[in-house]
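Remarks on the structure that follows.
The values are calculated or read from the model by the stated rules, or taken from the named source; none is laboratory data. All figures in this text were calculated on a predicted structure; none of them were measured in a lab. Backbone-built Cβ (ideal geometry, glycine too); neighbour counts: all protein chains shown. Keep in mind that these areas ignore ligands, DNA and RNA; they rest on the heavy atoms of the full protein, side chains included. Shrake-Rupley method; radii C 1.70, N 1.55, O 1.52, S 1.80 Å.
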Amino acid sequence: MKKVFGGPAIFLDRVDINTDEIIPAKYLTEVTKEALKPYCLEDLKLEGFDPHGERLKNARVIITRENFGCGSSREHAPWVFEVNDIHTVIAESYARIFRQNMFNCGMLAIELPKSDIDALMTLEKEANGDVEVDIDLQEQTVVARGNDRQESFNFDVSPFDKALVEAGGWVEYADAHY
Amino acid sequence: MGQTTAEKIFSTHLRDEPFPGTKVLDLDRVLCHEITTPVAIADLEWRGKDRVFDNTRIKAVIDHVTPSKDSKTALQAKMLRDWARRHDIKDFFDIGHNGVCHALFPEKGYIRPGFTVIMGDSHTCTHGAFGAFAAGVGTTDLEVGMLKGVCAFREPKTIRVNLTGSLQPGVFAKDVILFVIGQLGVNGATDRVIEFHGPVVDVMSMDARMTLCNMAIEAGGTCGICQPDMVTVDYLWPFIKGEFTSKEVALAEYSQWCADADANYDKVLDFDVTELVPHVTYGYKPDCVKPVTEMTGTKIDQVYIGTCTNGRIEDLRQAAEVLKGHKVADTLRGIVSPATPKIFQEALAEGLIQVFMDAGFCVTNPTCGACLGMSNGVLAEGEACASTSNRNFNGRMGKGGMVHLMSPATAAATAIAGVITDARELK
Ligand code: SF4
């Protein structure tokens with residue numbers, strides 16, 4: 001199933017956000033993705049961030065810093081985003097397993113250099129957090145709009161990761177090829 | 001140009017290179033536990049693909065929450081159990097035979113030099129201690145592994161860590177790896193394999209090498225790798241003696257996986273560990289490490305000895321050695337979870353369980369237990385645990401709890417004193 005990638009963004013201005021913060025271990029007893037829905041980012045401590053607030057509820061894109069998704073391999077982290085209709089993360093860098101899990105689910109983990117993330121964070125401040133992001137996977141561009149102006153960037157995505165997103169994930173791809 | 005261990009394993013296991021930079025590898029082992037596997041099983045059923053690629057190369061265990069604590073964990077265990085029966089997974093370990101995955105599977109002789117191993121668990125890097133390429137993956141990678149026996153990777157670069165000098169008494173592999181993570185940082189090895197070399201590793205037991213490799217992921221590493229040698233062969237001998245005419249022949253065979261002298265490294269780091277002292281973490285990230293001397297006196301509510309990092313027999317010996325003849329401080333509770341039934345029995349036979357119980361420790365069955373805050377031993381808000389595990393993230397052992405990572409010896413000394421204590425000072 002193909003996913004929708006753009007939409008309102010939420011900004012998490014911190015490095016090293018780990019998968020225990022994205023979805024605490026106590027919820028790993030669930031055996032369906034849907035059951036995870038209420039617990040997205042529940043243990044994340046970040047000034048101004050409310051895991052039960054409207055901003056997270058409306059968000060379709062997460063914009064954040066270095067080494068996002070480090071720690072446990074739990075795919076529950078991308079899943080909790082998926083069931084909350086967040087199909088895109090934009091970060092300076094990722095932990096390997098989290099990044100692969102995103103593409104394996106047919107979702108996008110976009111990497112942008114620090115200067116681009118800085119520019120996005122500035123845009124967020126000017127726009128009081130109201131930033132909309134458009135993603136064009138074919139053109140490999142991110143366009144962010146807020147406060148009557150926009151920032152646009154190109155991103156790299158490996159041909160394999162792109163193929164995973166287009167196939168709807170790794171299970172579909174692998175089953176067709178191996 | 002020579003090759004690193006990981007490069008050798010990649011080139012011999014390459015199934016496909018669908019795009020430049022993406023390598024699809026054939027897998028020797030697909031390991032499963034009851035937390036990350038049931039969702040993969042459910043998804044395979046939903047897709048009408050409830051099959052396995054090879055029921056002998058898949059191994060499974062119920063280890064994280066066992067015996068089950070509630071209806072939900074009972075369902076997870078049941079899903080794994082039913083699936084293992086349905087597909088005739090012979091090496092499936094349930095209550096009475098189960099233990100922490102990264103201690104149990106090596107102990108059964110399932111991991112060999114040159115193997116490719118995946119598991120839906122980030123500490124799969126532990127198995128690199130045998131000269132294997134072993135990587136933690138998510139549930140989708142695991143699912144494809146179970147179904148097709150393949151996994152896709154970007155070929156990782158390798159960081160070579162040379163450990164020279166020799167460890168002082170009372171300083172252990174755990175202290176070395178905490179120190180190394182402190183140097184590398186939590187993402188210093190992302191998309192990298194960490195190859196451990198040098199005289200310090202050469203004299204380490206397999207238990208100690210597994211402790212070293214176990215925490216590679218805490219620096220972001222895909223896998224930690226030690227070079228197969230006679231220590232590896234000795235450990236594996238009961239399982240491989242039918243395959244080789246002598247240990248020397250086995251060693252010659254396994255040595256092919258050692259990195260070439262002219263291999264190309266992303267980075268080479270040299271650490272002389274002769275002056276190294278025991279280390280302890282102080283914050284919510286595993287690279288927040290300090291010498292124990294700077295943490296002495298920090299109040300602790302619970303001590304946890306066990307896990308895939310330090311729940312092996314050597315670890316229990318080191319802790320018991322410190323504990324012998326002492327009592328746990330009455331302000332503190334001590335929990336010990338031998339990592340496998342075999343380790344439990346050895347600890348019984350050696351009198352270690354007696355030492356723990358005399359000191360006032362609670363001895364649990366083999367399980368991950370308190371390590372991840374979803375089973376027993378959960379901390380209350382504001383409490384601190386001195387733990388021999390590998391992860392100190394905020395909330396890891398329970399919301400609002402603090403975890404200080406350390407060696408079994410430091411944990412035992414801390415149990416006696418009630419505050420973080422250098423075991424070398426106790427004697
Ligand atoms: S002991 Fe802890 S770190 Fe190791 S596998 Fe179990 S939960 Fe994970």
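In summary, B:Ala189 fulfils each of the numbered conditions (1) closer than 29 Å to A:Trp170 by Cα; (2) small (Gly, Ala, Ser); (3) within 16 Å of the ligand (Cβ to nearest atom) with the single exception of condition (3). Restricting region B:81-124 to residues that are within 14 Å of another protein chain (Cβ to nearest Cβ) and within 11 Å of the ligand (Cβ to nearest atom), which is surrounded by the fewest Cβ atoms within 10 Å (Cβ to Cβ)? Going through the qualifying residues, I end up with B:Ser122. Within region B:58-80, if we keep just the residues that are β-branched (Val, Ile, Thr) and not in a helix (DSSP H, G or I), the residue that is farthest from the ligand (Cβ to nearest atom) turns out to be B:Ile58. Might you check whether a residue that is surrounded by 24 or more Cβ atoms within 10 Å (Cβ to Cβ) and modelled with pLDDT under 95 occurs anywhere in region A:34-50? Among the residues of region A:34-50, not one is surrounded by 24 or more Cβ atoms within 10 Å (Cβ to Cβ) and modelled with pLDDT under 95, which makes the answer no.
Check A:Leu28, A:Leu112 and return the single one that is open to solvent by less than 10 Å² (accessible area, probe 1.4 Å) and within 12 Å of chain B (Cβ to nearest Cβ).
Result of the check over A:Leu28, A:Leu112: A:Leu28.
May I ask you to verify whether A:Arg60 is within 14 Å of another protein chain (Cβ to nearest Cβ), out of contact with any Leu (no Cβ under 6 Å at 6 or more places or on another chain) and either open to solvent by 20 Å² or more (accessible area, probe 1.4 Å) or within 16 Å of the ligand (Cβ to nearest atom) (or both)? Before the answer, list the steps.
Working: within 14 Å of another protein chain (Cβ to nearest Cβ): no; out of contact with any Leu (no Cβ under 6 Å at 6 or more places or on another chain): yes; either open to solvent by 20 Å² or more (accessible area, probe 1.4 Å) or within 16 Å of the ligand (Cβ to nearest atom) (or both): yes.
Spelling it out, it is not the case that A:Arg60 is within 14 Å of another protein chain (Cβ to nearest Cβ), out of contact with any Leu (no Cβ under 6 Å at 6 or more places or on another chain) and either open to solvent by 20 Å² or more (accessible area, probe 1.4 Å) or within 16 Å of the ligand (Cβ to nearest atom) (or both).
Considering only region B:313-334, I want to know if a residue exists there that is within 14 Å of the ligand (Cβ to nearest atom), in contact with a strand residue (DSSP E or B) (Cβ under 8 Å, 6 or more places away or on another chain) and not in a helix (DSSP H, G or I). Checked region B:313-334: no residue is within 14 Å of the ligand (Cβ to nearest atom), in contact with a strand residue (DSSP E or B) (Cβ under 8 Å, 6 or more places away or on another chain) and not in a helix (DSSP H, G or I). Scan region B:386-398 and tell me whether some residue there is outside any loop (DSSP other than H, G, I, E, B) and within 14 Å of B:Ile305 (Cα to Cα). Among the residues of region B:386-398, at least one is outside any loop (DSSP other than H, G, I, E, B) and within 14 Å of B:Ile305 (Cα to Cα), which makes the answer yes. Of all residue pairs spaced 6 or more apart or on separate chains, those with beta-carbon atoms under 8 Å, a first member in region B:1-15 that is among the aromatic types (Phe, Trp, Tyr) and a second member that is open to solvent by 50 Å² or more (accessible area, probe 1.4 Å) are B:Phe10/B:Glu155.
For region A:83-98, indicate whether the set of residues that are of a type in the set (S, T, N, Q) and more than 8 Å from chain B (Cβ to nearest Cβ) is non-empty. Yes, there is a match, as at least one residue in region A:83-98 is of a type in the set (S, T, N, Q) and more than 8 Å from chain B (Cβ to nearest Cβ). B:Leu31 meets all of the listed conditions (1) within 16 Å of the ligand (Cβ to nearest atom); (2) farther than 30 Å from B:Ala252 by Cα but one, namely (2).
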